[in-house]
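Asks: My structure is below; once you've seen it, I'll send some questions.
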Protein chains: 2
Amino acid sequence: MLDLDRQRTSSMAPSLKPSVIVIGGGEDKVQDRKILRAFVEAAGGATARIAIVPSASREPEIIGNIYRDIFRSLGAEAIDVWDIRERDRRTLSEAEVVVDGVTGVFMTGGDQLRLCSMIGDTPLFHTVRERVWQGQLVLAGTSAGAAAMGHNMIAGGGSSEAPHKDIVSMSVGLGILPEVVVDQHFHNRNRMARLMTAIAAHPDRLGVGVDEDTAAIFEDARLLRVLGRGTVTVVDPGEVSYSNQFWVNSTTPLTIHNLRVHILSEGSAYHLLKRIPISPGV
Amino acid sequence: MLDLDRQRTSSMAPSLKPSVIVIGGGEDKVQDRKILRAFVEAAGGATARIAIVPSASREPEIIGNIYRDIFRSLGAEAIDVWDIRERDRRTLSEAEVVVDGVTGVFMTGGDQLRLCSMIGDTPLFHTVRERVWQGQLVLAGTSAGAAAMGHNMIAGGGSSEAPHKDIVSMSVGLGILPEVVVDQHFHNRNRMARLMTAIAAHPDRLGVGVDEDTAAIFEDARLLRVLGRGTVTVVDPGEVSYSNQFWVNSTTPLTIHNLRVHILSEGSAYHLLKRIPISPGV
């Protein structure tokens, strides 16, 4: 009976490739709109039913409308704005009603802590996450909406100094990509040191830094593809043999041995399970 | 006979540990002066005979005098300023007279291209280099004076954007550490991307990025030790399996797979031949 139910639900849902689109902020909104177009296409193109979550922003109405206009002009069938301005209190069954039929959710920029305080660990977002994992819904996030994708989330930090614990502040994200620590506006804001420092403190994770107007597309649990104008940097601590970050104070300079780093651009991919980059053309 | 001559030369020369001290700029000049003190000590302490090369600077007299006062107060026996303002034209025998008895040479900051245009590939600097390699002379350079240490030299570059060829401009350095590409003011000026891009184009080299008030001390051909307040970042391309930098145009974003990166701080070391970091306390 349950199986039949699930089958029915699946057959009613659009047949999407499970995917999470992690955008480094500053994506092209007026010219080719390559990344936003890819999101609409992944969500079903002319049959895409999109929900915009502008909650990271302090101007949710303005930013919600900007993306509404873009997704409309890119041919989505329906666009809704989930203008959540305080912590979402919907029950699971209420949440399911809201999410039913939605094929793409887009989280805007702003402040990732604000975003997570409103939707993190709510029935609404549990429902979204379930549907993403089942391939019924494509989730995209840009800037703060990208930062929130991991379980361990970079909430803030600095640059332009020798790396040490205080160069990055961590919090808890939405856990869509639990194994990944995302950073965004990556090379544009010189965030290599803070991502490496974050990874030194979370050596069981994988660091993924996404440049502006660039997306890391997680096609499924196995493959990360790069789309856009910049690069995606993967910081893999799988072979780290020494790190001082568990016992030094917050201003002691970082020591970490044997990080593996890949810088990827469009055409490149990365195998998330094997932890190996895949050359363009392969 | 030759052997005897060599032995005589060696016995006349001070018995120094061969060393090159690569300082990331902004070294403490007024408090502990840990790094400058280490240079004077390495050059013989109370018997140190130091020559300052201020040629990278456009204010060679001022900067020469600053370091003269510091090295004097740190107890060096003799301090000379080689105020070379145009390309040095000394013959080899003239150069040997100048260098004889000098136990430490210190190259100041400024512009590394200016420095190399005046002393690069001159008999004077060949003599200095020979004596460094023979362990008769300690060579230190800060900022531009550090950048010039390699054969492939970073002459300039940018940050705050997705890495691509144009983010770094390369030239030819003094070749003291021919296998190394040095960058300085490293994390302070967010130079990780430009060093990785430089290394992508020179995968037979080793990238060494030195933070301000920090030194990478090359004790011999085998060991790099870290001294000071920041970090030394080693970018090792020894396992790079793919890079697009040999055939793309200068604005195409970088792709490079399998860089190995170590961030080291005081107490850490790096084995240059084995290409492995050595943990503090080992």
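The values are calculated or read from the model by the stated rules, or taken from the named source; none is laboratory data. This one's a predicted model, so the numbers in the text were calculated from it and none came from an experiment. Virtual Cβ from ideal backbone geometry, glycine too; neighbours counted across all protein chains shown. Protein only, heavy atoms only, side chains kept; ligands, DNA and RNA dropped before computing areas. Shrake-Rupley method; radii C 1.70, N 1.55, O 1.52, S 1.80 Å.
Asks: Name the one entry in B:V105, B:V22, B:V53, B:V40 that is more than 20 Å from B:L227 (Cα to Cα) and modelled with pLDDT of 95 or more.
Replies: Values: B:V105 fails: more than 20 Å from B:L227 (Cα to Cα); B:V22 fails: more than 20 Å from B:L227 (Cα to Cα); B:V40 fails: more than 20 Å from B:L227 (Cα to Cα).
From the options B:V105, B:V22, B:V53, B:V40, the qualifying one is B:V53.
Asks: Which ones in region A:227-270 are more than 27 Å from A:I167 (Cβ to Cβ), at pLDDT 95 or above and open to solvent by 30 Å² or more (accessible area, probe 1.4 Å)?
Replies: A:E266
Asks: Within the bounds of region A:57-65, is there any residue that is among the hydroxyl-bearing types (S, T, Y) and either assigned to a helix (DSSP H, G or I) or within 20 Å of A:D100 (Cβ to Cβ) (or both)?
Replies: The answer is no; no qualifying residue exists.
Asks: Also: Might you check whether a residue that is surrounded by fewer than 18 Cβ atoms within 10 Å (Cβ to Cβ) and not charged (D, E, K, R) occurs anywhere in region A:50-61?
Replies: no
Residue-wise test of (1) open to solvent by 10 Å² or more (accessible area, probe 1.4 Å); (2) under 12 Å from the mean Cα position of the chain (by Cα).
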site	(1), (2)
B:L177	yes, yes
B:L195	no, no
B:A198	no, no
B:A201	yes, no
B:L224	no, yes
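Asks: Of everything in region A:165-175, what is open to solvent by 20 Å² or more (accessible area, probe 1.4 Å) and in contact (Cβ under 8 Å) with a residue 60 or more places away in the chain? Give them in sequence order.
Replies: Once the filter is applied, which keeps residues that are open to solvent by 20 Å² or more (accessible area, probe 1.4 Å) and in contact (Cβ under 8 Å) with a residue 60 or more places away in the chain, region A:165-175 yields A:K165, A:D166.
Asks: Filter the strands (runs of 3 or more DSSP E) completely within region B:186-275 down to those with at least 1 residues that are more than 7 Å from chain A (Cβ to nearest Cβ), out of contact with any Pro (no Cβ under 7 Å at 6 or more places or on another chain) and under 16 Å from B:G25 (Cβ atoms).
Replies: Those strands (runs of 3 or more DSSP E) span B:206-210, B:214-218, B:223-228, B:231-236.
Asks: Let me ask another. With respect to A:T252, determine if the residue is more than 22 Å from A:A42 (Cβ to Cβ) and β-branched (V, I, T).
Replies: Details: more than 22 Å from A:A42 (Cβ to Cβ): yes; β-branched (V, I, T): yes.
Yes, satisfied.
Asks: With respect to the numbered conditions (1) touching a Pro at 6+ places or on another chain (Cβ under 7 Å); (2) open to solvent by less than 10 Å² (accessible area, probe 1.4 Å); (3) away from every other protein chain (no Cβ under 13 Å), which one is the sole condition not fulfilled by B:V182?
Replies: It fails just one condition, (1).
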